[in-house]
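S.K.: Mind looking over this structure? Questions follow.
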Amino acid sequence: MITVEQVDFSYPDGTRALLDVSLKVTSGDSVGIVGANGAGKSTLVNHLNGWYLPQSGKITIDGVEVLKKNLERIRKLTGLVFQNPDDQLFMARLCDDIMFGPKNLGMDPERSAEESEKLLRDFGLWALRDKPPSKLSQGQRRFAAFAAVLVMHPSVLVMDEPTSDLDPRNRKKLISLVNNLQATRVTVSHDLDFIWETCNRVHIMAEGRIVAAGATKELLSDRNLLETNGLELPLRLQG
């Protein structure tokens, strides 16, 4: 489903964010990307829907290469839930934000409206559909950002710090939601317990490189490996 081959990327100020990054994600997998701040995690996943384009190397999603000419196809395949919901929600009403993607992709409006309503009800947001997103709580905005992506039925769901600002009840609700999705999933998170509960494989990044990859429970139980790369054991394994 996803192939990343020897990708390099530097920001305009010269900061090298990705160095010779390669990975594969099989269809239906749920893969975690973890690492300390500045490891290159967000830069990597922002390549998966063409937010950034590789400066060298190659990325393909379901056989479609991530190139400028293919961005419309790539963004139909890959849904990206940003770390900050305010980067996604910008319309005057919540319901308009949820329908923005389907309208721009030319999806059937009647079916999209039905699915939008279902998602808003599932997330407990239906009563807030006519409110501006800015008037919602941070947790409500986060679920709204998920709904705005899921309504487009992406084959790949990319999540950047999805549990930020969620209370324990809503975090548990999100875990259940993610584990029941059919889409291939890629998650960046400092919440290693969330990665433990939702991902079958994990890649550890440091200084723009992937330094380890393997089964989630194996790698996230390796205290030395985690501490060497600026991480700690998941809370469930501490003490």
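The values are calculated or read from the model by the stated rules, or taken from the named source; none is laboratory data. This one's a predicted model, so the numbers in the text were calculated from it and none came from an experiment. Note that we place each Cβ from the backbone using ideal geometry, even for glycine, and neighbour counts take in every protein chain shown.
S.K.: Could you figure out which of (1) closer than 30 Å to Lys76 by Cβ; (2) among the small types (Gly, Ala, Ser); (3) at pLDDT 95 or above isn't true of Ala183?
M.R.: Against the list (1) closer than 30 Å to Lys76 by Cβ; (2) among the small types (Gly, Ala, Ser); (3) at pLDDT 95 or above, Ala183 comes up short only on (3).
S.K.: From the list Ser164, Ser116, exactly one residue is in contact with a helix residue (DSSP H, G or I) (Cβ under 9 Å, 6 or more places away or on another chain), surrounded by fewer than 20 Cβ atoms within 10 Å (Cβ to Cβ) and polar (S, T, N, Q). Which is it?
M.R.: Testing whether each residue is in contact with a helix residue (DSSP H, G or I) (Cβ under 9 Å, 6 or more places away or on another chain), surrounded by fewer than 20 Cβ atoms within 10 Å (Cβ to Cβ) and polar (S, T, N, Q) leaves just Ser164.
S.K.: Using the structure shown, decide if Gly50 is more than 23 Å from Leu225 (Cα to Cα) and in contact with a helix residue (DSSP H, G or I) (Cβ under 8 Å, 6 or more places away or on another chain).
M.R.: Considered against the rule, which asks whether it is more than 23 Å from Leu225 (Cα to Cα) and in contact with a helix residue (DSSP H, G or I) (Cβ under 8 Å, 6 or more places away or on another chain), Gly50 comes out as yes.
Residues checked against (1) touching a residue at least 40 places away in the same chain (Cβ under 8 Å); (2) among the aliphatic types (A, V, I, L, M); (3) under 25 Å from Phe123 (Cβ atoms):
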site: Phe146; (1), (2), (3): yes, no, yes
site: Pro154; (1), (2), (3): yes, no, yes
site: Pro168; (1), (2), (3): no, no, yes
site: Thr198; (1), (2), (3): yes, no, yes
site: Met205; (1), (2), (3): yes, yes, no
site: Glu218; (1), (2), (3): no, no, no
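S.K.: So is Leu44 hydrophobic (A, V, I, L, M, F, W, C) and either farther than 12 Å from His203 by Cα or over 17 Å from the mean Cα position of the chain (by Cα) (or both) or not?
M.R.: no
S.K.: Here is a follow-up. Among the residues of segment 184-213, write down those that are more than 18 Å from Leu174 (Cα to Cα) and out of contact with any strand residue (DSSP E or B) (no Cβ under 7 Å at 6 or more places or on another chain).
M.R.: Result: Glu207, single match.
S.K.: Which residue is nearest to Thr15 (Cα to Cα), if the candidates are limited to segment 55-83 and must be surrounded by 15 or more Cβ atoms within 10 Å (Cβ to Cβ) and small (Gly, Ala, Ser)?
M.R.: So the residue we want is Gly57.
S.K.: Among the residues of segment 18-49, which ones are surrounded by 21 or more Cβ atoms within 10 Å (Cβ to Cβ) and assigned to a strand (DSSP E or B)?
M.R.: Of everything in segment 18-49, those that are surrounded by 21 or more Cβ atoms within 10 Å (Cβ to Cβ) and assigned to a strand (DSSP E or B) turn out to be Leu18, Val21, Ser30, Val31, Gly32, Ile33, Val34, Gly35.
S.K.: Exactly one condition in (1) farther than 30 Å from Gly63 by Cα; (2) of a type outside the set (Ser, Thr, Tyr); (3) loosely packed, with under 15 Cβ neighbours inside 10 Å is not met by Gly139; state its number.
M.R.: (3)
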